[in-house]
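Trainee: Next up is a structure, given as structure tokens.
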């Protein structure tokens, strides 16, 4: 596709590094004239994916590769870590009633990403995890 705009980056684990990726994606989306509401949803998804990869890879010095492929119709986001991997089928959806009564309020990342995406795939194994997220923009 000739109208695709791509951005690739490798992020180290430093505070708020996800903001670098979000800003790049946001600038690309504005360049393509994408609706602000869709940009806002994509920003949430990107932040969650990167934070999850950095926090849960199991690597002491994690690096996360992020790639965006944007057209006027869709945004595809790839987030890849090189950690220990996990079994996506073993992750239960959080229960709001249980979470509200608990001291541990976190654990909403995968559910949030799935709910704000039009396509969501996790590939994970001993060499890391790759999440592919598709967001329709029209």
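The values are calculated or read from the model by the stated rules, or taken from the named source; none is laboratory data. Keep in mind the model is a prediction, meaning the values are calculated, not measured. So basically every Cβ, Gly included, is an ideal-geometry build from the backbone, and we count neighbours across all protein chains shown.
Trainee: Do you know which residues across the range 3-37 are surrounded by fewer than 17 Cβ atoms within 10 Å (Cβ to Cβ) and in a helix (DSSP H, G or I)?
Mentor: Residues satisfying the conditions are 19, 20, 23, 24, 27, 30, 31, 36, 37.
Trainee: So which residues in the range 93-138 are modelled with pLDDT of 75 or more, over 18 Å from residue 44 (Cα atoms), more than 12 Å from the chain's Cα centre (by Cα) and surrounded by 11 or more Cβ atoms within 10 Å (Cβ to Cβ)?
Mentor: 123, 124, 125, 127, 128
Trainee: Checking residue 47 against (1) buried (at least 18 other Cβ atoms within 10 Å of the Cβ); (2) out of contact with any strand residue (DSSP E or B) (no Cβ under 6 Å at 6 or more places or on another chain); (3) in contact (Cβ under 8 Å) with a residue 40 or more places away in the chain; (4) in a helix (DSSP H, G or I), which test does it fail?
Mentor: (3) is the only condition that residue 47 fails.
Trainee: Of the conditions (1) closer than 22 Å to residue 20 by Cβ; (2) out of contact with any strand residue (DSSP E or B) (no Cβ under 7 Å at 6 or more places or on another chain); (3) at pLDDT 85 or above, residue 60 fails just one. Which one is it?
Mentor: With (1) closer than 22 Å to residue 20 by Cβ; (2) out of contact with any strand residue (DSSP E or B) (no Cβ under 7 Å at 6 or more places or on another chain); (3) at pLDDT 85 or above applied to residue 60, the lone miss is (3).
Trainee: Name the residues in the range 1-29 that are free of Cβ contacts under 8 Å to residues at least 40 places away in the same chain and within 16 Å of residue 47 (Cα to Cα), would you?
Mentor: 14, 15, 16, 17, 18, 19, 20, 22, 23, 26, 27 - these are the residues of the range 1-29 that are free of Cβ contacts under 8 Å to residues at least 40 places away in the same chain and within 16 Å of residue 47 (Cα to Cα).
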